[in-house]
Amino acid sequence: MIDHLSVGVSDIDLARKFYDTLLESLGITLLAATDQLLAYGSGAIEFIAMLPYDGASPTGGNGTHIAFRATSPEAVDAFHQVALATGGICEGAPGPRAYPHAEVYAAYVRDPFGNKLEALSGGFAG
């Protein structure tokens, strides 16, 4: 059900020093890195440390989202439509996205409480 989790950080270099060592102790490795994010996992990306998209300071919620695996682009579209119909706010319309590991079809919403959620289809390893 869940594809990956992400947390906001304020310094990618410091985050890499911390998370490379910490996660390596669990057998989790760095799978992709950019100047904006670090992506870790065991064969597939499961955890991301990233600079908040809006450029503001990271907090417990800023830069954090929960991603749900969808079976098709149509399921992503339905996720987005249902979220908007039930009080959610669009944070990124459904469409293709070039992630560090693959091209995916994704949509982003905030629930009525401000939590950022994503549904994505495609680009899965394993």
Any hit, segment 25-40, residues being in contact (Cβ under 8 Å) with a residue 24 or more places away in the chain and among the aromatic types (F, W, Y): no
Selection count where residues are within 20 Å of G61 (Cβ to Cβ), assigned to a strand (DSSP E or B) and modelled with pLDDT under 90, scope segment 87-118: 1
Search result, residues across segment 30-56 that are of a type outside the set (A, V, I, L, M), closer than 18 Å to A98 by Cα, in a loop (DSSP other than H, G, I, E, B) and in contact with a strand residue (DSSP E or B) (Cβ under 8 Å, 6 or more places away or on another chain): Q36, P52
Residue in segment 87-97 that is within 30 Å of K17 (Cα to Cα) and in contact with an Asp or Glu (Cβ under 8 Å, 6 or more places away or on another chain) present: yes
Boolean, M1 is within 20 Å of L120 (Cα to Cα) and either among the basic types (K, R) or touching a residue at least 60 places away in the same chain (Cβ under 8 Å) (or both): yes
Scan of segment 8-19 for residues that are out of contact with any Gly (no Cβ under 8 Å at 6 or more places or on another chain) and either assigned to a strand (DSSP E or B) or loosely packed, with under 15 Cβ neighbours inside 10 Å (or both), ordered by number: S10, D11, D13, L14, K17, F18
Which listed residue is loosely packed, with under 12 Cβ neighbours inside 10 Å and outside any loop (DSSP other than H, G, I, E, B), from L84, L22, L5, L26: L22
Residue satisfying all of: in segment 87-123; more than 17 Å from A39 (Cβ to Cβ) and free of Cβ contacts under 8 Å to residues at least 12 places away in the same chain; surrounded by the most Cβ atoms within 10 Å (Cβ to Cβ) among these: P96
Hits in segment 21-71 - residues which are charged (D, E, K, R) and either under 21 Å from R110 (Cα atoms) or touching an Asp or Glu at 6+ places or on another chain (Cβ under 6 Å) (or both): E46, D54, R69
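To keep it simple, each residue is scored yes or no on (1) among the aliphatic types (A, V, I, L, M); (2) out of contact with any Leu (no Cβ under 7 Å at 6 or more places or on another chain); (3) closer than 14 Å to T64 by Cα.
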| position | (1), (2), (3) |
| --- | --- |
| V7 | yes, yes, yes |
| D11 | no, yes, no |
| K17 | no, yes, no |
| T21 | no, yes, no |
| A32 | yes, yes, no |
Condition met for A75 (farther than 13 Å from S6 by Cβ, of a type outside the set (D, E, K, R) and exposed (fewer than 14 other Cβ atoms within 10 Å of the Cβ)): no
Flag if R69 is at pLDDT below 90 and surrounded by 13 or more Cβ atoms within 10 Å (Cβ to Cβ): yes
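The values are calculated or read from the model by the stated rules, or taken from the named source; none is laboratory data. Predicted model, so just to flag it, every value in this text is computed and none were measured. A quick note on method: Cβ atoms are made from the backbone with ideal geometry, for glycine too, and the neighbour counts reach across all protein chains shown.
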